[in-house]
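Have a look at the structure below before the remarks.
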Amino acid sequence: MTGNVVIVGRPNVGKSTLFNRLVGRREALVHDTPGVTRDRRQGTARLGRLQFPVVDTAGLEDVFDDSLPGRTRQQTERALDGAQVALFVVDARTGLMPVDQAFAAWLRRQGLPVVVVANKCEGRAAEAGMLEAHALGLGEPVALSAEHGLGLDELEDRLADLLVAEDDPATADQTDGSAPAEDHPEDDTSRPIRLAVVGRPNVGKSTLVNALLTEDRVVTGPEPGVTRDAVEVPWSFEGRPFLLIDTAGLRRRARVQQTLERLSTESTRNAIRLAQAVILVVDATAPLEKQDLTIAAHVVEEGRLPIIALSKWDLIDDHTGVLRSVRERLEISLPQIKAPFLVTVSAVQGLRLETLMRTVLQGYAVWNRRIGTGPLNRWLQEAMAQHPPPVVKGRRLKLRYATQIKSRPPTFALWATRAEEIPESYLRYLGNGLRQTFGLPGVPIRLTLRKGKNPYA
């Protein structure tokens, strides 16, 4: 592993395409619209014999105020702090713009090595732009096509001369967040917990992420939809590593029309699918709208641990009334998880953030819980004695055996005669009994029916 390589350049020159090419998968959102990337994103690049951290950044704009472009520029400047190399990407097809020259002069003042990447060099139309790139005064440019993977060998050679490699690259951290939670079924405290922060637009997701990190790591602002792509940030709480994931706001599907917003929505849904725990941020001033419950139901369907953060709590006067109303609504609308984990917070005031994270760890322990086969079957016999399975077509259905087949979320198999005829109401009865007997509040649990006799008899 080597030092950070930061990709910079004006909007729409192919920075995110190059980032995706280096990390080996489509991780950063890519679209023809200028300025898609607003937050910096980090991944592990593998380029031939090299392996190094690479950072994608927002398009550089000549703005220094508190507007959204000005705030994204500040994120890019922070990304360059401590960087070992900057990849300055220009568009060889359109040629140099005056802003490219201005940013080249700015980069020279930063005092770090810069490699000029003349992107989109496929075809004769890029030849003039490639020649113009020499005029930046930052050395010989690398002709490259990030979209088609051309010129990567030359980029590798240039970076090999600039990056300081460690003695054994094979010992580099391979935890880049690409694997689903099920790939590691047992809880390993050395592995980071993938914690996604989701919710409707403009409920304070990015503000909460920054408050947890105690730094302005992601762009925030009053404008709805500031975050467009899922951004992963390594972090730790009380010694436990996390991968904190800020996401774009989810609106109702019927209101998602533009292609870019559809891509942002898919990025958020993918973040939920790959997460282990999910903080659903709900605006306490307008709590539990239909879309909040739709998102919560999706988290449960994916089998993830849902933690509801009732945000902007500092703006609420009737704390007792709002909390009671929210709990009642959750009981009616999310009966499948029973008593979900709920914490009132204020990211702006730093209120109850430690409580929120301790609740995440508490719920994560429940989500990972395993129940022995002996206690499980003793419970099953007692449950059937108290409320026998129904009689169907003159014959009583029988449940013969139960076992937990996985955790994350807790999943149980029940062997039964005529399994397909057991009604949903009886399965709900068993699920509620499981929660109460073995202490499984607030997490999704799954019951699967299997035909035949006890496989272990």
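The values are calculated or read from the model by the stated rules, or taken from the named source; none is laboratory data. Fair warning: this is a prediction, and the values are worked out from it, not measured in the lab. Every residue, glycine as well, gets a Cβ built from its backbone with ideal geometry; the counts of neighbours run over all protein chains shown. Ligands, DNA and RNA are stripped out before the accessible areas are found, and what is left, the full protein with its side chains, is counted by its heavy atoms. Shrake-Rupley method; radii C 1.70, N 1.55, O 1.52, S 1.80 Å.
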Checklist entry - How much net charge surrounds Gln381 when only the other residues with a Cβ under 14 Å from the Cβ of Gln381 are counted, with Lys and Arg +1 and Asp and Glu -1? => result +2
Checklist outcome for this item: The ratio Rg/Rh over the Cα atoms of region 387-442, Rh being the Kirkwood inverse mean 1/r radius, stands at 1.00
Item to check | Full-extension gain in nm, Thr417 to Arg395, via 0.36 nm per residue minus C-alpha separation | outcome: 6.9 nm
Checklist entry - So for His298, His148, His134, what's the accessible-area order with a 1.4 Å probe, most first? => result His148, His134, His298
Checklist entry - How many nm is it between the label spots at Gln362 and Leu213, if each spot is 7 Å from the Cα in line with the beta carbon? => result 2.7
Checklist outcome for this item: One quarter of the C-alpha convex hull surface, i.e. the mean projected area of region 294-357 in nm², amounts to 4.6
